[in-house]
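Chemist: Take this structure first; my questions come after.
What follows is calculated from the coordinates using simple rules that are stated; it is not laboratory data. Since the model is a prediction, treat every value here as computed from it, not as a measurement. Cβ: placed from backbone, ideal geometry, glycine included. Neighbour counts: every protein chain shown.
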Amino acid sequence: MNHTATHSFPRKLAVIFPGIGYHTDKPLLYYAKHLAAAFGYEIKEVPYGNFPSNVRGSAEKMEQSFRLALKQAEEILAEVRWEDFGDLLFISKSVGTAVAAAYAGKYGLSTHNLYYTPVAQSFQFITQDGIVFHGTSDPWAETAAIEQGCKEKNLPLILIPEANHSLEVGDVGTDLQNLQLVMEKSRAYLQQIS
């Protein structure tokens, strides 16, 4: 039976999980959000905050930040009726990749994922498909650990040479080229899952 004749297309929702200090109007999330909207996704942002200071390098503070963000995400997303959506896309950055994956796992959601600069700890929660982006000079995550995590989870990995945790190298021209590459790969992933 052809359901499209009697029903409109299923609603699609993209949920944006930012990083610590990397909010949804910074380049990766800003453009990914607009890309998702162009593919027909409704957008829901998860603006958690109030993280401890000096998180980088402290496993304890990273864990604390993750727990804090997950708790806030649960509060922010409490009203969402997941069953109303036929397609869920989680767009996440840094610690947000762990939060998005843990949230999906906890609530039994089937999601597609754009994982921007995950931290190594994220891979203990990641169980669903997606694409991973990582800068080889990211001080928050060692490339070898990210490569290993992607290999174990069978996730495609896009490496940005010399790039930091924001996928930037410090040269505006190069950064714009890299951003364009990241968005082209993100678009290809969205086309693939559509």
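Chemist: Please work out which one of (1) out of contact with any helix residue (DSSP H, G or I) (no Cβ under 8 Å at 6 or more places or on another chain); (2) under 25 Å from GLN121 (Cβ atoms) is the condition ILE160 fails and give its number.
Modeler: Evaluating ILE160 over (1) out of contact with any helix residue (DSSP H, G or I) (no Cβ under 8 Å at 6 or more places or on another chain); (2) under 25 Å from GLN121 (Cβ atoms) leaves (1) as the failure.
Chemist: Among (1) within 21 Å of ILE193 (Cα to Cα); (2) loosely packed, with under 14 Cβ neighbours inside 10 Å, where does ALA100 come up short?
Modeler: Here ALA100 meets the rest and fails (2).
Chemist: Could you go through the range 46-56 and let me know if any residue there is in contact with a Phe, Trp or Tyr (Cβ under 9 Å, 6 or more places away or on another chain) and closer than 21 Å to ALA78 by Cβ.
Modeler: yes
Chemist: Quick check: anything in the range 9-30 among the basic types (Lys, Arg) and under 14 Å from the mean Cα position of the chain (by Cα)? So that I can check it myself, show each step before the final result.
Modeler: Kept after step one, since they are among the basic types (Lys, Arg), are these residues of the range 9-30: 11-12, 26.
After this cut, where a residue has to be under 14 Å from the mean Cα position of the chain (by Cα) as well, the list is 26.
Yes: the range 9-30 contains one or more residues that are among the basic types (Lys, Arg) and under 14 Å from the mean Cα position of the chain (by Cα).
Chemist: Within the range 84-97, count every residue that is touching a strand residue (DSSP E or B) at 6+ places or on another chain (Cβ under 8 Å) and in a helix (DSSP H, G or I).
Modeler: Here is the first cut: in the range 84-97, the residues touching a strand residue (DSSP E or B) at 6+ places or on another chain (Cβ under 8 Å) are 84-94, 96-97.
Now narrow it down to the ones that are in a helix (DSSP H, G or I): 84, 96-97.
Within the range 84-97, residues that are touching a strand residue (DSSP E or B) at 6+ places or on another chain (Cβ under 8 Å) and in a helix (DSSP H, G or I) number 3.
Chemist: Select the strands (runs of 3 or more DSSP E) contained entirely in the range 110-194, then report the ones holding at least 3 residues which are within 30 Å of GLN64 (Cβ to Cβ) and free of Cβ contacts under 8 Å to residues at least 60 places away in the same chain.
Modeler: Working: elements: 112-116, 131-135, 157-160.
Those strands (runs of 3 or more DSSP E) span 131-135, 157-160.
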